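Worksheet: one structure, shown below.
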Amino acid sequence: MDAAQVFSIGQQALYTLLTVAAPVLLAVLVVGILVSIFQAATQINEATLTFVPKLLAAVAVMGIAGPWMLTSLVEYLRSVLLSLPSAAS
């Protein structure tokens, strides 16, 4: 396995990581901003008010996009495992 193959596998891993994590991170970011605006408008400073909606949003996105995320990860792992025999020679 030469440096180009290692770099290519690492690059594919980072791209897969970004595409799989993006939906959950974006949903939590949007919910966090909305809750922060609500807290600033009402002057309520409760820690659970920020945690619970973010948790519910993350669970909802995982429920909706979970199969796609799992398929993407399995496809990446399959491509890496199938490329190992050619990399060893």
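Brief remarks on what is shown
- Principal-axis analysis of the Cα atoms of the chain puts helix 3-42 at an angle of about 0° to the longest axis.
- Most mobile of Ala41, Ala60, Ala27 in a GNM of the chain (Cα contacts under 10 Å): Ala41
- Folded to 0 to 90 degrees: helix 47-88 orientation relative to the chain principal axis, Cα: 0 degrees
FYI, it's all coordinate maths here, none of it is from the lab. The structure displayed is predicted, hence computed values, not measured ones.
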